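A short write-up of the structure that comes next.
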Amino acid sequence: MTETIVIANQKGGVGKTTTTINLAAGLATLGYPTLMIDTDPQGNATSGLGFDKVEFSPNIYNVVVELTPLEKTIRATTVPNLCLVGANSDLLGSEIALATAIGRESRLRGALSSIRDKFRFVIIDCPPSLGILTINALNAADKVIIPIQGEYYALEGLAQFVETINRVRDTLNPKLALEGGLLTMFDTRMLLSNQVKDEVSKFFGPSLFNTVIPRNIRLAEAPGFGQSIFQYDPKSRGGQAYLALAQEFLSRRDLKPQTVVDAPQTELAVEPQTTGE
Ligand SMILES: Nc1ncnc2c1ncn2[C@@H]1O[C@H](COP(=O)(O)OP(=O)(O)OP(=O)(O)O)[C@@H](O)[C@H]1O
Ligand SMILES: [Mg+2]
């Protein structure tokens, strides 16, 4: 069974892409074959995994606009168990190209149906808007995770976004559900962050992830090296937090981490380690 998770929030710069890359890499590292799909014309999830986004062709634009089969766009990444469908500024034309297209809101969902069961999880990164690309992602999804930055205006626009999710569920995709909120870039030393945390917990209730992602410079550095945090610095606070997030995500599904597959992952210490003595 493939489960599709969309990481979305129409607010910009809240940690959507960082969460997409590192949750996807975390799940892959913990043994679950995962496909990451970039649907943002900025292509940050694509370059963040070390791909030249301009060279990534065919990409998700070809899938949603030209109906190129999704299989033709999937590439292996340097993270074992993790594949990627990339995006770039080609996507800026998608809103207009799809304006009068039939089934314009269901393009991604249709494309995903052809790769059912090849991956355990599909994780989709969204642009910071509520346009046709985000609607396509929500229409293709089983669950939505909403990253919330631990800052003053954190909840602004959130009600509108949740209303959009509800509208997509009522009109297009009855199985769509809110997985929960995730606090990102959190600074425990700030009183403000803790006030935001209280408000966000009230808003999401028990669906809010217990795992909180701290503000950590290593998370901001990793994409510049084209690496997930599990390759760049798994022992950093950011690396430990995204590992905890992947574990919490699995435990919500009664799933356990599986065999650790490759050398860099042995540092994650999710399995009992042999000392080599
Ligand atoms: N926990 C963190 N600690 C420090 N820096 C972070 C953290 N999470 C994200 N960042 C940095 O903050 C910036 C915004 O993060 P990110 O790109 O993940 O947000 P986004 O919601 O995808 O943005 P956009 O809306 O533009 O797509 C990036 O420079 C990223 O490297
Ligand atoms: Mg982004």
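Tabulated data for the structure shown
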read-out: Restricting the range 219-256 to residues that are surrounded by fewer than 16 Cβ atoms within 10 Å (Cβ to Cβ) and of a type in the set (G, A, S), the residue that is farthest from L178 (Cα to Cα); value: G224
read-out: Filter result (β-branched (V, I, T), open to solvent by less than 60 Å² (accessible area, probe 1.4 Å), over 16 Å from D52 (Cα atoms) and without any contact (Cβ under 8 Å) to a residue 60 or more places away in the chain) within the range 63-97; value: V63, V65, T68
read-out: Selected residue (only one of D187, D198 is in contact with a helix residue (DSSP H, G or I) (Cβ under 7 Å, 6 or more places away or on another chain) and open to solvent by 10 Å² or more (accessible area, probe 1.4 Å)); value: D187
read-out: Unique residue being within 16 Å of ligand 2 (Cβ to nearest atom) and more than 20 Å from G15 (Cα to Cα) when the list is L67, L91; value: L91
read-out: Qualifying residue in the range 98-115 (condition: under 14 Å from N9 (Cα atoms) and surrounded by fewer than 16 Cβ atoms within 10 Å (Cβ to Cβ)); value: no
read-out: Pairs where the first residue, in the range 107-133, is closer than 20 Å to P33 by Cα and more than 16 Å from ligand 2 (Cβ to nearest atom) and the second is in a loop (DSSP other than H, G, I, E, B) and open to solvent by less than 40 Å² (accessible area, probe 1.4 Å), C-beta under 7 Å, 6+ apart; value: R116/T2; D117/T2; F119/T2; R120/T2; R120/Y32; F121/Y32; V122/T2
read-out: Members of the range 9-38 found to be of a type in the set (K, R) and near ligand 2 (Cβ under 10 Å from one of its atoms), listed by number; value: K16
read-out: Candidate set: the range 116-129, residues that are within 16 Å of ligand 1 (Cβ to nearest atom) and assigned to a loop (DSSP other than H, G, I, E, B); chosen: the one nearest to G13 (Cα to Cα); value: P128
read-out: From V212, V200, residue being in a loop (DSSP other than H, G, I, E, B) and aliphatic (A, V, I, L, M); value: V212
read-out: Filtered residue count, the range 30-61, keeping only those that are out of contact with any Phe, Trp or Tyr (no Cβ under 8 Å at 6 or more places or on another chain) and surrounded by fewer than 18 Cβ atoms within 10 Å (Cβ to Cβ); value: 5
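The values are calculated or read from the model by the stated rules, or taken from the named source; none is laboratory data. What you are looking at is a predicted structure, and each value in this text was computed from that prediction instead of being measured. Neighbour counts run over all protein chains shown; Cβ positions are idealised from the backbone, glycine included. Please note that ligands, DNA and RNA were not included when accessible areas were found on the heavy atoms of the full protein model with its side chains. Shrake-Rupley method; radii C 1.70, N 1.55, O 1.52, S 1.80 Å.
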